[in-house]
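Here's the structure, in structure tokens; my notes come after.
The values are calculated or read from the model by the stated rules, or taken from the named source; none is laboratory data. This is a predicted model, so every value here is computed, not measured. Counting neighbours? That spans all protein chains shown, and the Cβs are built from the backbone with ideal geometry, glycine included. Quick note on the areas: whole protein, heavy atoms, side chains included, nothing else; ligands and nucleic acids left out. Shrake-Rupley method; radii C 1.70, N 1.55, O 1.52, S 1.80 Å.
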Amino acid sequence: MSELSIFEKISQRLLPGLIIDENDTHIAFLTIGPLAKGHTLVVPKSNISDYLFSLEDKAYTELLLFAKQVAKKLESKVDCQKVAMMVIGEEVPHVHIHLVPFQTGFGFENLKVQSPSMDELKQIHNQIIN
């Protein structure tokens, strides 16, 4: 049996995570290194691939539809103009989507990882889930 990814450990509650939403096969939680307030990771609960475009069509579609659901939740709870979706895939070998709430002027040139405290992360988590 291979080692569980950090995302599988969060989805199985073996590691703590500030969970925004989940269903039977997917989970969304705040990242601890956000680019903006409410930056959320959306992942399949099991590590089916480390590359988005290698997913079977059904898994790909289900992941994107779940990400859309989470993005709509973020839009309704976080002060933002829109929610950006980014897929990079190098940080953790487990397919994942970054949802980043943003205001006008957001661009790659402005991307900077923030270092919020756990209290700040819990505050935004409560704002989104309530």
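For Leu4, the conditions (1) open to solvent by 60 Å² or more (accessible area, probe 1.4 Å); (2) of a type outside the set (S, T, N, Q); (3) at pLDDT below 95 all hold with the exception of (1).
Among the residues of the stretch 10-30, is any surrounded by 19 or more Cβ atoms within 10 Å (Cβ to Cβ), closer than 13 Å to Val92 by Cα and of a type outside the set (Val, Ile, Thr)? Scanning the stretch 10-30 turns up no residue that is surrounded by 19 or more Cβ atoms within 10 Å (Cβ to Cβ), closer than 13 Å to Val92 by Cα and of a type outside the set (Val, Ile, Thr).
Among the residues of the stretch 31-51, the one identified as more than 20 Å from Phe66 (Cα to Cα), among the small types (Gly, Ala, Ser) and surrounded by fewer than 17 Cβ atoms within 10 Å (Cβ to Cβ) is Gly33.
Being assigned to a loop (DSSP other than H, G, I, E, B) and either within 16 Å of Ile19 (Cα to Cα) or of a type in the set (D, E, K, R) (or both) is the filter; apply it to the stretch 78-89 and report the residue that is modelled with the highest pLDDT. Per the stated criteria, the residue is Val78. Answer with yes or no whether Glu75 is part of a loop (DSSP other than H, G, I, E, B), open to solvent by 60 Å² or more (accessible area, probe 1.4 Å) and not basic (Lys, Arg). Here the answer is no, as Glu75 does not meet what is asked. All of (1) farther than 20 Å from Ile124 by Cα; (2) in contact with a Leu (Cβ under 9 Å, 6 or more places away or on another chain) hold for Ala59 with one exception: (2). Answer yes if at least one residue in the stretch 51-69 is assigned to a loop (DSSP other than H, G, I, E, B) and either on the phi > 0 side of the Ramachandran plot or in contact (Cβ under 8 Å) with a residue 24 or more places away in the chain (or both), and no otherwise. Yes, that holds for at least one residue.
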